[in-house]
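Here's the structure, in structure tokens; my notes come after.
The values are calculated or read from the model by the stated rules, or taken from the named source; none is laboratory data. Quick caveat: nothing in here was measured; it's all calculated off a predicted structure. Note: ideal-geometry Cβ built from the backbone for every residue, glycine included; neighbour counts use all protein chains shown.
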Amino acid sequence: MDSNGDGVGDLPGLTSKLDVLRDGTPSSLGIEGLWLSPVYPSPNRDFGYDISDYSSIDPVYGTMEDFDRLMAGARARGIHLIMDLVVNHSSTEHPWFRQARTSRENPFHDYYLWSDGTNGKPPNNWGSTFGGSAWEWNEQTHEFYLHSFLKEQADLNWRNHRLREEIHDIMRFWMNRGVDGFRLDVANYYVKDAQLRDNAHEVVITQPMPGNPSKTLYIPMSREVYDHTVDQPETHDALREMRGVIDEKPGHMMVGEIAQRTQGQVLSYYGDGDSELNLVFNFFFFVRHFRAKDFRDIIQRTLDLLPEGAWPAWVLSNHDVVRAVSRYHCSPPMTKSMIGLLLTLKGTPFLYNGEELGLANTPLLRKLLQDPVGKRYWPLPVGRDGERTPMPWDDTANAGFTTGVPWLPVSAPAMSYSTESADPTSVLSFTRRLSWFRSHHSALNAGDMSIVAGPSDTCLCFTRTSSAEHMTITINLSDQTVAIPRGSFTSDQIPLFSTEEQPSMDSLAPWEVRIAAAPA
Ligand code: NOJ
């Protein structure tokens, strides 16, 4: 929400909408935490993920006082707030890098990763995630610096202990200001191979990916394995140290973005005996089809591999991937089944803003693109602007988001917070209802989980159990009515919550989400 008409959402705008997020009644969304994407000063080459000052607020979003008001407003409503901590790299405009690049003797030089290269060429084959070599020449010192992302995002040297202390102090700075924790950007990238050995390449046959036509071709292609740049054992040491800082104040947490490897590798970032990240995003739904079988596999594997006592974190959409509604071509009932799944699984669900409305990606003309990745690869649909367009609040001009010109066009005119609030059958009304239900049932918000056999293969069926409650959840992930055989597990359940007004005891409606109390 933009409060000052410059077309960009800002902190006062967000503060003015806190009641929408949680007002203590069933007519708000009822969230318990807010992850604020980066709001620090930034040249915005990568929309805040290139930070030039870790301890203040970019004027485009407001002031430190605006931040304090947001914090106070959130706290008053029982909303925790976490900041994005982007410390694999800083902006090349950060004073550290501006100093570091001036001479090899500069005290900040070792805050970054450098190499002489060979014969004017980069030292190895490491590639930037956004394309091209990960090395950029620095004329002043006659050497290359590493950038795993854009060349304006220089990778920090996590082997430098002074740098680590600086990061710890940044964490303390925000924790003292009242934040409850951090979302760690690419947390498995921090430490790189000291010998700068080449990364391997593997030939993969690309699989059709939901919602991304550029990846629907079955062509063999060579892909960098990142075996020397990602998941290095010392990164775990760095995270354990950061956990120590988090634990200095009770009740704080870190959730990590672990760029996708195998499920086992991702889950290893919880650490032995809860010693690293408190939560690790599970992104595995992104690359699977919307089928009970696919989802069941991911969930079961997560439950099997999750370290003792660790708590999952589920994601269907975020600012980097095609929104789930577009990815899976969802109708509103299908969207409800998806949100139903997210809010009933064991774990912390992360809803991406607009997901509660069932918002789809916004198709954009090339000239409107802002994301450098989108511009570089256009017309391939790999840019991220489509999922970042402003929130549609109402049916006034620019969907009530701004009185000025929005930084990206607002999406779907028919859909907004106010129209969906007025419609009891909307995705928003459903999400609010389920969120309220979830918050009042310990089985759902804290209970254990087991997958059980459902009435058909197209259904996901699982139990959630706390010391006080035992519930079963059945989600029909298909557009067909599913019969419930007499005497089956599901037929014995007493429905407590459903997407249907009158759930039938003999069948599940297409896309129905049903929560039931299991018989004692
Ligand atoms: C992951 C963030 O989610 C993405 O938006 C960003 O471009 C990269 N990390 C680099 O910081």
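For the reader, a short list of remarks on this structure follows.
- Enumeration of residues in segment 129-155 that are within 16 Å of the ligand (Cβ to nearest atom), of a type in the set (A, V, I, L, M, F, W, C) and at pLDDT 95 or above: 134, 146, 149, 150, 154
- Residue within segment 348-368 that is out of contact with any strand residue (DSSP E or B) (no Cβ under 8 Å at 6 or more places or on another chain), at pLDDT below 95, of a type in the set (D, E, K, R) and crowded, with 16+ Cβ neighbours inside 10 Å present: no
- Residues of segment 114-128 satisfying the condition of being in contact (Cβ under 8 Å) with a residue 24 or more places away in the chain and within 16 Å of the ligand (Cβ to nearest atom): 126, 127
- Selected residue (criterion: nearest to residue 247 (Cα to Cα)) from residues of segment 159-198 that are within 16 Å of the ligand (Cβ to nearest atom) and buried (at least 22 other Cβ atoms within 10 Å of the Cβ): 182
- When residues of segment 309-340 are limited to those that are under 30 Å from residue 272 (Cβ atoms) and either in contact with a His (Cβ under 6 Å, 6 or more places away or on another chain) or aliphatic (A, V, I, L, M) (or both), the one farthest from the ligand (Cβ to nearest atom): 310
- Only one of the numbered conditions (1) at pLDDT below 95; (2) in the same structural domain as residue 495 (by TED's automatic domain parsing) is not met by residue 478, and that is (1).
- Selection within segment 375-387: residues that are buried (at least 20 other Cβ atoms within 10 Å of the Cβ) and in contact with a helix residue (DSSP H, G or I) (Cβ under 7 Å, 6 or more places away or on another chain). The member of this set that is modelled with the lowest pLDDT is 383.
- Residue in segment 259-279 that is in contact (Cβ under 8 Å) with a residue 40 or more places away in the chain, among the aliphatic types (A, V, I, L, M), crowded, with 16+ Cβ neighbours inside 10 Å and touching a helix residue (DSSP H, G or I) at 6+ places or on another chain (Cβ under 7 Å) present: yes
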